[in-house]
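The structure follows.
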């Protein structure tokens, strides 16, 4: 359980830090070089550092992390490259911001950090695409981590705009992200449920109605997808702590989905073990 908890925390921190980077990068690309952007880049840097430390712990031996460079295409390879690119881009942006550099340089490092976040999220999802495991033989796992990160980014960006302009009101794309996430999640479950193996069918039914169902329905569906969709409504724009609640919901959703993947990847007989 200890190792599973590390992987769950890593996924949640990866999604949250990527969301902050996406938000700060979008803010920078709009020409809004603000202190709130520096705070988001700084927060993302701290979070991804913590996530990287957890990644080292999960391997048992730190030197194994560098061994990922010898296996391009694997999930851990993309996680390593993405983490390094994100950290490098965020650090360079913060230095450039502190030195009052030109907007072109700031935009370059913002895009660089965002590219690292994309690579990191792909690696998190790629780690759970396993063709030899019927329950994990689906690429629909990958976009779901992007969905949770983009939900976090949407609320982080709204919070940044509100910090700059107290009267800021705009539509929140988290509603669209949630709908796309629901389609990907449904497609993933349908794919493994109607697979040729009984393991896939039993695992999918267990997630929907068995012991993992509480985490799935409450953590992934309700908190991770439905809550951000509701909070994204324009009419709720003035609710206190709305953006913080949406950000937290996205993080919980990513952690819950990672939990489901860890459960669904176990042997089907364990679901019915007495």
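Scan the range 164-194 for residues that are within 17 Å of residue 239 (Cβ to Cβ) and surrounded by 15 or more Cβ atoms within 10 Å (Cβ to Cβ) and jot them down.
Passing the criteria: 172, 174, 175.
Going by the conditions given, is residue 117 in contact (Cβ under 8 Å) with a residue 60 or more places away in the chain and in the same structural domain as residue 8 (by TED's automatic domain parsing)?
It is true that residue 117 is in contact (Cβ under 8 Å) with a residue 60 or more places away in the chain and in the same structural domain as residue 8 (by TED's automatic domain parsing).
Also, quick follow-up: Pairs please, first residue from the range 218-230 and crowded, with 19+ Cβ neighbours inside 10 Å, second anywhere and part of a helix (DSSP H, G or I) and at pLDDT below 95, Cβ atoms under 6 Å, 6+ apart in sequence or on different chains.
228/174; 229/175
Residues checked against (1) part of a helix (DSSP H, G or I); (2) farther than 14 Å from residue 253 by Cβ; (3) out of contact with any helix residue (DSSP H, G or I) (no Cβ under 8 Å at 6 or more places or on another chain):
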position	(1), (2), (3)
119	yes, yes, no
154	yes, no, no
163	yes, yes, no
172	no, yes, no
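Of the numbered conditions (1) closer than 15 Å to residue 136 by Cβ; (2) within 16 Å of the chain's Cα centre (by Cα), residue 178 satisfies every one except a single condition; which is it?
It fails just one condition, (1).
Quick check on the range 13-30: of everything there that is surrounded by fewer than 23 Cβ atoms within 10 Å (Cβ to Cβ) and either within 21 Å of residue 88 (Cα to Cα) or outside the structural domain of residue 101 (by TED's automatic domain parsing) (or both), which residue is nearest to the chain's Cα centre (by Cα)?
Going through the qualifying residues, I end up with 26.
Which residue, of 85, 39, 47, is closer than 15 Å to residue 156 by Cβ, at pLDDT 90 or above, touching a helix residue (DSSP H, G or I) at 6+ places or on another chain (Cβ under 6 Å) and not in a loop (DSSP other than H, G, I, E, B)?
Answer to the check: 47.
Residues checked against (1) more than 28 Å from residue 234 (Cα to Cα); (2) assigned to a helix (DSSP H, G or I); (3) in contact (Cβ under 8 Å) with a residue 40 or more places away in the chain:
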{"residue": "96", "(1), (2), (3)": "yes, yes, no"}
{"residue": "124", "(1), (2), (3)": "yes, yes, yes"}
{"residue": "145", "(1), (2), (3)": "no, yes, yes"}
{"residue": "150", "(1), (2), (3)": "no, yes, yes"}
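The values are calculated or read from the model by the stated rules, or taken from the named source; none is laboratory data. Treat the numbers as computed from the prediction; the structure is a model and nothing was measured. Please note: Cβ atoms are built from the backbone with ideal geometry, for glycine as well, and neighbour counts cover all protein chains shown.
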